[in-house]
Amino acid sequence: MIVANWKCNGSKAMINEWTNNFLTNYVEMKKAFIGIAPPSIYIDSILDTKLSKLKEINIGSQDIDISSGARTGAISSEMILDFDCKFSIIGHSERRQFFNEKNDEIKQKILKIANKTLTILCVGETEEENKNDQTKDVLKRQLGVIKDIEFNDSLVVAYEPVWAIGTGTTPTPDKINEIHKFIKDVVQSFSDNSAIPMVLYGGSVNQDNAENFFKEESVDGALIGGASLDGRQFANIINIFNGINLK
Ligand code: PGA
């Protein structure tokens, strides 16, 4: 599973160029689930391109609001479901950092979409927490939001160390693998009925380092910010995930 998080980037012109670059580089395999989370205002523009003809491409949202109604600027869960969004990213560290989102709010959001569309729950420690050896405690606390939610197989977790996002620095592949295993164990410990979730790695993934992460057993894909803004590079990363390296 490879997901593009465009964050607050893009324009109608960018979408056209991106689509052309993506389609000339992507080798159609129908293997991996490919997700694109554009700014919500551009969801329709993407659905209007040739990308919508590829069944493996799924459009999703970068976030949802906890509610609907008198909440200026917000996008509700009902709206993203109305647009047939196949997933929503919840609890991204930028939401936690810049919008002051706390775990209880993140839980409310997950409850809005659980088992209606895919939840991609982002978790990750800060640089300081990492240095103080608190990574596993932090992750356990962040994962606690799903404790009493019964998911069929509609939960995906993205491990995104805050210090690796947009910095060009990443943990080593074997460290990432160890943390992914830990995440799967923690989620399983919450409920015997829950399926083991897919765990994506996110944080400075690009076409040059992706293969090293994908080789690891517990890495089920990637959530990609910066490198996903280039259609050519995003296609290359998917090709690598599908076992083809044309770079
Ligand atoms: P990055 O962002 O790939 O630019 O590091 C990842 C993310 O924030 O999901």
Members of the range 73-123 that are in contact with a Cys (Cβ under 7 Å, 6 or more places away or on another chain), over 26 Å from Asp44 (Cβ atoms) and in a loop (DSSP other than H, G, I, E, B): none
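Being open to solvent by 60 Å² or more (accessible area, probe 1.4 Å), away from the ligand (no atom under 16 Å from the Cβ), at pLDDT 95 or above and among the β-branched types (Val, Ile, Thr) is true for just one of Ile80, Ile15, Ile64, Ile41. Which residue is that?
Details: Ile80 fails: open to solvent by 60 Å² or more (accessible area, probe 1.4 Å); Ile15 fails: open to solvent by 60 Å² or more (accessible area, probe 1.4 Å); Ile64 fails: open to solvent by 60 Å² or more (accessible area, probe 1.4 Å).
Selected residue: Ile41, the only one of Ile80, Ile15, Ile64, Ile41 that is open to solvent by 60 Å² or more (accessible area, probe 1.4 Å), away from the ligand (no atom under 16 Å from the Cβ), at pLDDT 95 or above and among the β-branched types (Val, Ile, Thr).
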I'd like the full set of residues that are out of contact with any Asp or Glu (no Cβ under 7 Å at 6 or more places or on another chain) and within 10 Å of the ligand (Cβ to nearest atom), limited to the range 155-175. Ala158, Glu160, Ala164, Ile165, Gly166, Thr167, Gly168, Thr169, Thr170
May I ask you to list the residues in the range 83-108 that are of a type in the set (Phe, Trp, Tyr) and either touching a residue at least 40 places away in the same chain (Cβ under 8 Å) or surrounded by 18 or more Cβ atoms within 10 Å (Cβ to Cβ) (or both)? Phe83, Phe87
Which of (1) in contact with a Gly (Cβ under 6 Å, 6 or more places away or on another chain); (2) away from the ligand (no atom under 15 Å from the Cβ) does Leu223 not meet, given it meets every other one? (2)
Among (1) open to solvent by less than 50 Å² (accessible area, probe 1.4 Å); (2) more than 16 Å from the ligand (Cβ to nearest atom); (3) farther than 16 Å from Glu217 by Cβ - the single one Lys184 does not satisfy: (3)
Residue check for Asp192: over 28 Å from Ile15 (Cα atoms), more than 13 Å from the ligand (Cβ to nearest atom), open to solvent by 60 Å² or more (accessible area, probe 1.4 Å) and in a helix (DSSP H, G or I): no
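Only one of these is acidic (Asp, Glu), open to solvent by 10 Å² or more (accessible area, probe 1.4 Å) and within 18 Å of the chain's Cα centre (by Cα): Asp148, Asp153, Asp137. Name it.
None of the other options fit; the residue is Asp153.
Looking only at the range 195-212, count every residue that is in a helix (DSSP H, G or I), under 17 Å from Val3 (Cα atoms) and open to solvent by 30 Å² or more (accessible area, probe 1.4 Å) and tell me the total.
Of the residues in the range 195-212, 1 are in a helix (DSSP H, G or I), under 17 Å from Val3 (Cα atoms) and open to solvent by 30 Å² or more (accessible area, probe 1.4 Å).
Hey, among Glu216, Glu178, which residue is over 24 Å from Ala37 (Cα atoms), away from the ligand (no atom under 14 Å from the Cβ), crowded, with 17+ Cβ neighbours inside 10 Å and over 13 Å from the mean Cα position of the chain (by Cα)?
Working: Glu178 fails: crowded, with 17+ Cβ neighbours inside 10 Å.
Exactly one residue qualifies, and that residue is Glu216.
The values are calculated or read from the model by the stated rules, or taken from the named source; none is laboratory data. Quick caveat: nothing in here was measured; it's all calculated off a predicted structure. Methodologically, a virtual Cβ is constructed for each residue, glycine included, from the backbone with ideal geometry; neighbour enumeration extends over all protein chains shown. Just so you know, the surface numbers come from the protein's heavy atoms only, side chains and all, with ligands and any DNA or RNA stripped out. Shrake-Rupley method; radii C 1.70, N 1.55, O 1.52, S 1.80 Å.
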